[in-house]
1. Pull up region 1-37, narrow it to residues that are more than 23 Å from Arg84 (Cα to Cα) and among the β-branched types (Val, Ile, Thr), then point me to the one that is farthest from the chain's Cα centre (by Cα).
2. Look at Ile54 and say whether it is in contact with a helix residue (DSSP H, G or I) (Cβ under 9 Å, 6 or more places away or on another chain), in contact (Cβ under 8 Å) with a residue 40 or more places away in the chain and not aromatic (Phe, Trp, Tyr).
3. Sort out which residues of region 1-51 are in a loop (DSSP other than H, G, I, E, B), surrounded by 14 or more Cβ atoms within 10 Å (Cβ to Cβ) and free of Cβ contacts under 8 Å to residues at least 60 places away in the same chain, and write them in order of number.
4. I need the full set of residues from region 52-89 which are within 18 Å of Asn27 (Cα to Cα), assigned to a helix (DSSP H, G or I) and either touching a strand residue (DSSP E or B) at 6+ places or on another chain (Cβ under 7 Å) or open to solvent by 40 Å² or more (accessible area, probe 1.4 Å) (or both), in order please.
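The values are calculated or read from the model by the stated rules, or taken from the named source; none is laboratory data. These numbers come from a predicted model, not from an experiment. Positions of Cβ are generated from backbone atoms using ideal geometry, with glycine treated the same way; all protein chains shown enter the neighbour counts. In case anyone asks, the SASA skips ligands and DNA or RNA and just uses the protein heavy atoms, side chains included. Shrake-Rupley method; radii C 1.70, N 1.55, O 1.52, S 1.80 Å.
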Amino acid sequence: MRFNLTALSLTVGLFWGGSILIVALANLIWPDYGQAFLDLAASIYPGYRAGTTIGQVIIGTLYGFVDGAIGGALFGWFYNLLSRQFSAKAA
């Protein structure tokens, strides 16, 4: 079995970007909600400040989408590489 890299990249990107979006929007409504998670994201993504404005929510969401898409592509690529290696040795 092989992963479709495009589908996996988009799936992980949408999941991670959506996670940041939901937590950041909730943080705008309830300022204590998810603050540690958003502070962690702010420490990783340059230019993103947790819980300040809707513009920062969009920036964090875009960073999360790109980060997730790259991570998903790398994961899928490594999986496909290793699955070929091990299936060739088993045959």
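1. That would be Ile29.
2. The answer is no for Ile54.
3. Tyr33, Gly34, Tyr45, Tyr48, Arg49, Ala50, Gly51
4. Within region 52-89, Ile54, Ile58, Ile59, Leu62, Tyr63 qualify.
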